[in-house]
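What follows is a short report on a single structure.
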Amino acid sequence: MKKFLSTIFICALSCLYLIPTGCVYNKTSSSDLLVDNQQIATPLNPETSRSDCDTLVITCIDYRFASANQNFINEILKLKDNYDHISIPGSIYNLVNPETRELLFSKFALSVKLHLINRVVIISHKDCGAYGGSATFGSEIAENETLCTDLRNARALLIEKYPTLEVNLFLESLVKEGDEVKVHFEKIP
């Protein structure tokens, strides 16, 4: 029994050393922001204190597109401070897939109810992991056709449930231009 308790004590002690050691190797840039319960405040645009917004944006979570999406939404579509945002792996894949559709619709319904949205912007992208990446399609043409079809099916599903909505569709892709990789957006009719 003594040996058993000794073994448990050693295991527990080594766990205490493992936890801090694991954190030491975490190289995130968020250093001590909330040490000693420090409060952090950022200014809020007075327009955002209202209880409604015009638009709901649905995107994929893919980090490669996150910054370009924010810029596109805020600057090109001129929606800064006037949209709700649902970011979910696969974006439209989850809406057109009957097994996951209700999850997305439940989040969507909440936005409609609470913020009185009247427009939806759906942004899908090529090489999406939820679909298995570009290689799954066999060709660029097949990928483009599938994604455009799924975008249009997503619009039809939303309009069927909410007939007064305006639904805008965009397909984005990574394109190498010289030494740079850029995100291109294509509006889908």
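Applying the condition of being among the small types (Gly, Ala, Ser) and surrounded by 12 or more Cβ atoms within 10 Å (Cβ to Cβ) to the stretch 138-155 and asking which residue is farthest from residue 187 (Cα to Cα) yields 142.
No other residue among 91, 87 is at positive phi and touching a strand residue (DSSP E or B) at 6+ places or on another chain (Cβ under 6 Å) apart from 91.
Pairs meeting the criteria (first residue in the stretch 142-161 and within 25 Å of residue 106 (Cβ to Cβ), second residue among the polar types (S, T, N, Q), beta carbons under 6 Å, at least 6 apart or on different chains) are 147/124; 151/124.
Restricting the search to strands (runs of 3 or more DSSP E) fully inside the stretch 78-189 and requiring at least 3 residues that are at pLDDT 95 or above and of a type in the set (A, V, I, L, M) gives 119-125, 166-177. Looking across the stretch 55-83 at every residue that is touching a residue at least 60 places away in the same chain (Cβ under 8 Å), surrounded by fewer than 20 Cβ atoms within 10 Å (Cβ to Cβ) and under 12 Å from the mean Cα position of the chain (by Cα), the one that is farthest from residue 180 (Cα to Cα) is identified as 62. For residue 98, are the conditions met, namely being without any contact (Cβ under 8 Å) to a residue 60 or more places away in the chain, farther than 16 Å from residue 161 by Cα and surrounded by fewer than 20 Cβ atoms within 10 Å (Cβ to Cβ)? It is false that residue 98 is without any contact (Cβ under 8 Å) to a residue 60 or more places away in the chain, farther than 16 Å from residue 161 by Cα and surrounded by fewer than 20 Cβ atoms within 10 Å (Cβ to Cβ).
The values are calculated or read from the model by the stated rules, or taken from the named source; none is laboratory data. All values reported here derive from a predicted model rather than from experimental measurement. For neighbour counting, all protein chains shown are included, and Cβ atoms are generated from backbone atoms with ideal geometry for every residue, glycine included.
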